Amino acid sequence: MDFVLDYISVNTFWTILSTTHALLAVALLGALTHQAAAVLAPPRAGIAGGFVTHFRSVSGPRYAAAVCVLWVLVFIVGAWIYARYRLHVRILIEQEQLWKTLGVFEMKEHIATIGLGLLPVYWHLWKNARNAAYDSARKWLTVVLAAICWYAFLAGHIVNNVRGFGL
Amino acid sequence: MNAATDTAAATSSRFGTFALVFGICFAILYVVCEMGAFPMFTYHPGIDRIDPGFAPPRRDEGPAMYWYGWIANSALGASILGLLAAMLPEKIRGKIPLALAWIVPVVLLPVLIYSLKFYWRW
């Protein structure tokens, strides 16, 4: 990737990666939130609704593959910038003694990883969406993954607010 | 939640069993690796070097990162256990509760919070 640095600065390169990570996370967050709303409160048939009804009226199975792909992409980009974070962000936050901020980010790193490991079973449960025996596990696993995604998104946002761009 | 129907359908395929056991074991192994400091390798981002197993940070070489090594260990262990589970007879595979896929990560949450107690300074 060194050839890229002939055209843009190191800071710009990492800022682009960080922004890509955030944008992919927004897409993942949207997909999982729609899907979680659809399984937690499915709309009743035949009732014309407003915004909330349309929000939860998505077809869950159509989102499953996209969620898996997005989670993996967000994770790969996150793992890439993590080494840069360790050297150029975390050390500064340690010097500021913002321990809780660091703890919140460590937690994000852990639960996002656990979420990654749950993707195969999540995909399997949604691939067999017509199997009623899977309904409960599929519903609650989707909700857990959505909660993980929301936490990770907010924790990343907090750390970014502390350090700002220009890693 | 109907646990009986959950378990009955949990292993409709060998991939289903593998995926379920992989997810459960990956989460548990990851927490074990994190709390016990068992990385497969250590990455030193300051000097771009990888050491096998656990290697403490050295003076003037920057921090050591274990996260990648924990993931590698957890993925390897969970893959082995998942494959073994997938080879079990249908009668045994069918007894693995599907609900563990979401219960295990929820149960591990307070354990992770406790493992990070160093950071919760008020």
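We did not get these values from a lab; they are worked out from the coordinates using the rules stated. This structure is a prediction, so every number in the text was calculated from the model and none was measured. A quick note on method: Cβ atoms are made from the backbone with ideal geometry, for glycine too, and the neighbour counts reach across all protein chains shown.
Some observations on this one:
- A quarter of the convex hull surface defined by the alpha-carbon atoms of chain B gives 9.8 nm² as the mean projection.
- Taking Cα atoms only, the orientation of helix B:14-36 departs from the longest principal axis of chain B by about 30 degrees.
- For the protein assembly as shown, adding -39500 (n - 2.57) for each run of n ≥ 4 DSSP H residues and dividing by the number of residues yields -23500 deg cm²/dmol at 222 nm.
- With only the Cα atoms considered, chain A has a convex hull volume of 133 Å³ per residue.
- The range B:3-119 - percent relative contact order, Cα under 8 Å, separation 6 or more: 37
- Simple point charges give the picture: +1 on the Cβ of Lys and Arg, -1 on the Cβ of Asp and Glu, and for the range A:91-134 a dipole about the Cα centre of about 440 debye.
- Each Lys and Arg Cβ is given +1 and each Asp and Glu Cβ -1; about its Cα centre, chain A then shows a dipole of about 660 debye.
- Karplus-derived 3J(HN,Hα), 6.51/-1.76/1.60, for each residue of the range B:86-92, Hz, glycine and proline x: 5, 8, 5, x, 3, 4, 7
- Scaled against 2.2 N^0.38 Å for its residue count N, the alpha carbon radius of gyration of the protein assembly as shown is 1.08.
- Across the range A:2-163, the mean sequence separation of Cα contacts (distance under 8 Å, 6 or more residues apart), normalised by length, yields a relative contact order of 31 percent.
- For residue B:65, the amide hydrogen comes within under 5 Å of the amide hydrogens of B:43, B:44, counting only partners 5 or more places away or on other chains and with H modelled in the peptide plane.
- Annotation: for a label point projected 7 angstrom from Cα along Cα→Cβ of residue A:97, residues of the range B:105-119 with backbone N closer than 15 Å are B:119.
- By average C-beta atoms within 10 angstrom, highest first, the peptides A:25-31, B:86-92: A:25-31, B:86-92
- The trypsin sites (Lys or Arg not before Pro) of the range A:1-106 that meet both conditions, a loop assignment by DSSP and at most 12 other Cβ atoms within 10 Å of the site Cβ, are A:44.
- Dipole size of the protein assembly as shown about its Cα centre, with +1 on Lys/Arg Cβ and -1 on Asp/Glu Cβ: approximately 860 debye, rounded to the nearest 20.
- Applying the criteria of a DSSP loop state and at most 10 other Cβ atoms within 10 Å to the chymotrypsin sites (Phe, Trp or Tyr not before Pro) of the range A:1-54 yields A:7.
- Cβ-Cβ FRET estimate between residue A:7 and residue B:79, R0 fixed at 45 Å, reported to 0.05: 0.65
- Evaluated over the protein assembly as shown, the count of Lys pairs having alpha-carbon atoms less than 25 Å apart is 8 (only pairs 8 or more residues apart or interchain).
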